[in-house]
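Structure first, then comments.
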Amino acid sequence: MSDFARRVVDWQRAHGRNDLPWQGTRDPYAVWLSEVMLQQTQVATVVPYYRRFRARFPDLASLAAADEDDVLRLWSGLGYYARARNLHRAAQAIVAEHGGAFPRDLAQIAALPGIGRSTAAAIAGFAFGARAAILDGNVKRLLARHFAVEGHPGERAVEQRLWRLAESLLPADDIAPYIQGLMDLGATVCTTRAPQCERCPVRETCTALARHRVGELPAPRPRRAVPHRRTAMLVLRSDGDVLLEKRPAAGVWRGLWCFPELGAGDDPARVARRRYGCEVALVERLGVLRHAFTHFTLDIEPVVARVRRRAPRAAEPGVLWLPFAQAAGAAVPTPVRKLVRALGGRSAAADQPALFEELVEDLQAR
């Protein structure tokens, strides 16, 4: 074992994270679920979602047999919803193509929906002891600093060099603590901002530290203008219920439940009557609620309408009337949940125009 790998393994066993709910097992289902949830999401955020998900879907078979709405409901608020849909699809593929047994072969794992090269290596390493390199965002930063790799890690040539380094450092054994050690170092010590180099077990051989370049490496992503989009959402409220509509199978928040969107120039009362069979008594427009995606920012203008009469819509596909509390726990995206909770918790304010600005301030702060 190289000195680098030995130091990482020893540090992980003494100082790394060893009490997370998905650790201490070689169950590939548990490992796979945690690795997918941890993609672009911090451990502290993932832990309660992981526990709720395992309570509802304790094994791969139960997940494969689940309804997608149920899967998305439990994922709601964790973001990057394609992960949940891919997780569900992968579980079904494992049942259909592998007899319900999680594949052990690295190539077969990587071929599953939502699993790339690094995630497949982590699953194979933790569950089966496979010797394969990982290279998530934290590890890229750690290696780029340690070996003073120039350029942004997202560039193909830079990423290929980092992969070669990652593979060259693999120990012959102790794969699981080595992989976990790299993850832990990147997440808790060699952080993007304010790295704690004095705690790093490989600081003595870190090129960036020796050259006083820790703050410069890795190079940041080239700046690009973030586009802004705008939409208006129709919030229909009736006797403690709110109307939700299922999003199309393509586009933003596909498959989730949302407030209906209004087109430019749409009259809210007319849309409510023609599309949803509702007569409204009051329509008020709230201030803009901003939500940031990875590649763009969405400004949402909630248009709140109090319904005085509504037609039965139980048979209408893709439309639901739900109590506010139930709607907040449904498979809804984060800004919709914020709005549902704010309006449901302050129903009186939702009918008083003078309190709308205060309500918007509450929304923006949550």
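None of the figures in this text is laboratory data; all of them are computed from the coordinates on show. None of these values were measured; they are calculated from a predicted model. With ideal geometry, Cβ positions are generated from the backbone for all residues, glycine too; neighbour counts draw on all protein chains shown.
Of all DSSP-defined beta bridges confined to the chain, some 70% are antiparallel rather than parallel. In sequence order, region 58-72 has phi-based couplings of x, 8, 5, 4, 5, 5, 4, 7, 6, 7, 4, 4, 5, 5, 5 Hz under the Karplus curve 6.51 cos²θ - 1.76 cosθ + 1.60, θ = phi - 60°, and Gly or Pro positions carry x.
Once the chain from Gln196 to Val252 is taken as fully extended at 0.36 nm per residue, the excess over their C-alpha distance is 16.4 nm.
Legend: calculated FRET efficiency, Arg104 to Asp3, from the Cβ-Cβ distance at R0 = 30 Å, rounded to 0.05, equals 0.45.
Within the listed set Glu97, Glu301, Glu155, the residue fluctuating most in the Gaussian network model of the chain (springs between alpha-carbon atoms under 10 angstrom) is Glu155.
Helix-only arithmetic for the chain: the sum of -39500 (n - 2.57) across DSSP H runs with n ≥ 4, divided by the residue total, places the mean residue ellipticity at 222 nm at -13000 deg cm²/dmol.
Computed over neighbours whose Cβ is under 12 Å from that of Glu35, the net charge equals 0, Lys and Arg +1, Asp and Glu -1. Reducing region 59-74 and region 270-321 to their Cα centroids gives an inter-centroid distance of 28 Å. Extents of the chain, taken as max minus min of Cα coordinates on every principal axis and listed largest first, are 73, 50, 34 Å.
Let me know the volume per residue of the alpha-carbon convex hull for region 84-190, in Å³.
Values: hull volume 11.6 nm³, N = 107.
Roughly 108 Å³ of hull volume per residue.
When the chain is treated as a Gaussian network with alpha carbon springs shorter than 10 Å, the biggest mean-square fluctuation among Gly181, Gly137, Gly277 belongs to Gly277. The label-point distance for Phe296 and Trp163, in a model that sets each label 7 Å from Cα toward Cβ, rounds to 3.1 nm. The charge dipole of the chain, taken about its Cα centre with unit charges on the Cβ atoms of Lys, Arg (+1), Asp and Glu (-1) only, comes to about 480 debye. Electrostatic bookkeeping for Thr188 treats Lys and Arg as +1 and Asp and Glu as -1; over the other residues with beta carbon under 10 Å from its beta carbon, the sum is +1. The rule of thumb for compact globular proteins, 2.2 N^0.38 Å, goes into the C-alpha radius of gyration of region 3-210 1.03 times. The label-point distance for Arg51 and Asp239, in a model that sets each label 7 Å from Cα toward Cβ, rounds to 3.8 nm. Estimated from the Cβ-Cβ distance and a Förster radius of 35 angstrom, the FRET efficiency linking Arg270 and Gln326 is about 0.80.
For region 142-288, the Cβ-based charge dipole about the Cα centre amounts to some 640 debye (Lys, Arg positive; Asp, Glu negative; other atoms uncharged). If you take all other residues with their beta carbon under 15 Å from the beta carbon of Leu209, and give Lys and Arg +1 and Asp and Glu -1, the sum is +4. Of the candidates Ala64, Ala148, Ala250, which one comes out as most mobile in a Gaussian network treatment of the chain with C-alpha springs shorter than 10 Å? Checking each option, the largest mean-square fluctuation is seen for Ala250.
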